[in-house]
Amino acid sequence: MKTSILSSLSMGAALAAASGLQARDVASLTTTSYDNMKYYVQYSTSAYCNSDDTVGALVSCGSSGCPAIMADGATIVGVLPSTTLFDLEGFVAVDTVREEIVVAFRGSSDLRNWIADFDFILVPYAGCSGCYVHDGFYESWQEVQSYTLDFVEAAFADYPSYTLVVAGHSLGAAVATLAAADLRIAGYSCDVYTVGSPRVGNLAWAEFVTAQEGYEYRATHYDDPVPRLPPIVLGYYHTSPEFWLAAGPATNIDYTIDDIEVCPGYANTSCNAGTTGLDGNAHSYYFQYLGCGSESNGISLRKRDNPLWRRDSSSSNITDAELSEKLTNYTMLDIAYSQQLAASS
C-alpha cells in the first residue's frame with residue numbers, strides 16, 4: 001500500500017543518514033536479466049509512441065518497436081502529462097500476461113540543447129540526507145510525481161499481486177531513476193531498466209539509490225555521449241553498476257550476453273565514460289532503434305535552428321564540432337579525476 005510520499009521521503013532521509021551505503025556487488029549479467037533488458041527497452045521505445053493515447057488503449061509501436069509488448073496486449077492505465085522543461089512524457093501500463101505494472105518515460109524531443117546548455121545545477125533531494133540531484137530532472141519528475149503515484153496505486157488496487165517495473169531512455173531514463181527511488185521510498189518494490197541515462201545526482205544520491213531494494217539495470221552503448229553527462233568533475237555520479245554495450249559501430253544492435261561488460265562503481269571511466277565525441281547514433285540504438293516508427297522520428301543530437309526548449313539561447317550558437325570538443329574535454333577531466341579518486345581510496 002502506498003504511504004504518504006512526504007512522510008516516506010522524510011523517513012528515507014533518516015534511514016540514509018543512519019546507514020553506510022555500499023555499491024551493489026554484481027559480477028555478471030544473468031540470462032534472465034539480459035532478456036529483461038532487451039524486453040524493457042521496448043517500453044522505452046513505446047514511450048515515444050503512446051504519449052497521446054488514452055486510458056484503456058493498448059500499448060503499440062508501429063510495425064517493429066515493441067512486438068513482445070503488443071503480443072501481450074499491455075494496456076495503458078494512466079497517461080502522464082508532458083513536462084514543461086524537457087517535454088518528457090510517459091505512461092503507466094498493465095500487462096496481464098507477465099503480471100506487471102510498468103511505468104515508462106520517453107526522452108526529450110530536443111536533447112542536443114540540454115547538452116549544449118551545460119546547465120548542470122544540483123539541488124537538494126528530499127529522499128536522503130546529503131543527496132543532491134540535477135535541478136531540471138528533479139523539476140520534471142516533480143511535475144508528474146503525483147500522477148505517477150496515483151496511477152500506480154490504482155493499478156495495484158486492481159492487481160495487488162503484480163510486480164512493478166520502471167523504464168526510460170535518455171533524459172527519460174533520468175526521470176525513471178528518480179521515479180523508482182521515490183516509488184521505493186513510498187513502499188513499492190521495483191526494478192528500473194534504463195538506456196542512455198545521464199548522471200542524475202551526487203555521490204550520496206547514487207549510493208542511496210544503488211542500496212535501495214530493487215535493481216538498476218543501467219545500460220550504456222558504445223560511445224553514447226549522454227551517459228557521460230553531467231560530468232563527474234561537477235559532482236555527478238552514476239548508480240552502480242553500468243552494463244556497457246561496448247562494441248561498435250554506433251548503430252549496432254546485436255549484442256549477446258557475453259558482449260556486455262559489467263562496470264561497477266559510481267565514477268568508473270573504463271567503460272562508456274572513457275569515450276569521446278558526439279555520437280548521436282549510439283544514443284538512439286540500444287538492442288533496437290529507439291523512436292516511434294521511422295528512424296527519422298527519434299531524438300537527435302544534430303543542431304537545430306529552432307530548438308523546442310532551452311534555458312540559455314547561446315546553446316543554439318555552438319557548432320557540432322565545438323560541442324564535441326567540449327564533451328571530449330569533460331571526458332579527459334573525468335578520467336583524471338577518477339584516477340585521483342582511485343589513488344586516494
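The values are calculated or read from the model by the stated rules, or taken from the named source; none is laboratory data. On a predicted model such as this, the values are computed, not experimentally measured, just so you know. Note that we place each Cβ from the backbone using ideal geometry, even for glycine, and neighbour counts take in every protein chain shown.
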What number of residues within region 179-232 satisfy the criterion of being more than 30 Å from Y159 (Cα to Cα), outside any loop (DSSP other than H, G, I, E, B) and of a type outside the set (F, W, Y)? 11
For L80, all conditions in the list (1) in contact (Cβ under 8 Å) with a residue 60 or more places away in the chain; (2) in contact with a Gly (Cβ under 7 Å, 6 or more places away or on another chain); (3) over 15 Å from V166 (Cα atoms) hold save one; what is the number of the exception? (3)
Region 239-274, residues that are assigned to a loop (DSSP other than H, G, I, E, B), within 15 Å of the chain's Cα centre (by Cα) and more than 20 Å from A343 (Cβ to Cβ): T239, P241
So which residues in region 79-93 are on the phi < 0 side of the Ramachandran plot and surrounded by fewer than 21 Cβ atoms within 10 Å (Cβ to Cβ)? V79, P81, S82, T84, L85
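Restricting the search to region 31-56, which residues are of a type outside the set (G, A, S) and part of a loop (DSSP other than H, G, I, E, B)? Let's see the steps before the verdict.
At the first step, the residues of region 31-56 found to be of a type outside the set (G, A, S) are 31-32, 34-43, 45, 48-50, 52-55.
Answer for region 31-56, where residues must be of a type outside the set (G, A, S) and part of a loop (DSSP other than H, G, I, E, B): Y48, C49, N50, D52, D53, T54, V55.
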Tally the residues that are of a type in the set (A, V, I, L, M, F, W, C), touching a helix residue (DSSP H, G or I) at 6+ places or on another chain (Cβ under 8 Å), over 16 Å from T276 (Cβ atoms) and surrounded by fewer than 18 Cβ atoms within 10 Å (Cβ to Cβ), restricting the search to region 222-262. 2
Filtering region 125-142 down to residues that are part of a loop (DSSP other than H, G, I, E, B) and touching a Leu at 6+ places or on another chain (Cβ under 6 Å), which residue is surrounded by the most Cβ atoms within 10 Å (Cβ to Cβ)? G127
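Taking region 52-77 only, how many residues are crowded, with 21+ Cβ neighbours inside 10 Å and either farther than 13 Å from Q288 by Cβ or in contact with a strand residue (DSSP E or B) (Cβ under 9 Å, 6 or more places away or on another chain) (or both)? Even if it seems obvious, please write down each step before you answer.
Residues of region 52-77 that are crowded, with 21+ Cβ neighbours inside 10 Å, as a first pass: 59, 61, 65-66, 69, 74, 76.
Within this subset, residues satisfying the condition of being either farther than 13 Å from Q288 by Cβ or in contact with a strand residue (DSSP E or B) (Cβ under 9 Å, 6 or more places away or on another chain) (or both) are 59, 65, 69, 74, 76.
Residues meeting the conditions: 5.
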Residues L164, L122: which one is in contact with a Cys (Cβ under 9 Å, 6 or more places away or on another chain), modelled with pLDDT of 95 or more and surrounded by fewer than 23 Cβ atoms within 10 Å (Cβ to Cβ)? L164
Would you mind finding the one in G277, G196 that is surrounded by fewer than 19 Cβ atoms within 10 Å (Cβ to Cβ), of a type in the set (G, A, S) and closer than 20 Å to F120 by Cα? G277
Matching residues, region 143-160, being surrounded by 13 or more Cβ atoms within 10 Å (Cβ to Cβ) and not in a helix (DSSP H, G or I): Y159
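Here is a list: A219, A206, A181, A211. Which entry is crowded, with 24+ Cβ neighbours inside 10 Å, out of contact with any strand residue (DSSP E or B) (no Cβ under 8 Å at 6 or more places or on another chain) and not hydroxyl-bearing (S, T, Y)? Steps first, answer last, please.
Values: A219 fails: out of contact with any strand residue (DSSP E or B) (no Cβ under 8 Å at 6 or more places or on another chain); A206 fails: out of contact with any strand residue (DSSP E or B) (no Cβ under 8 Å at 6 or more places or on another chain); A211 fails: crowded, with 24+ Cβ neighbours inside 10 Å.
Checking each option against the conditions leaves just A181.
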May I ask you to verify whether V165 is in a strand (DSSP E or B), touching a residue at least 24 places away in the same chain (Cβ under 8 Å), among the β-branched types (V, I, T) and touching an Asp or Glu at 6+ places or on another chain (Cβ under 6 Å)? yes
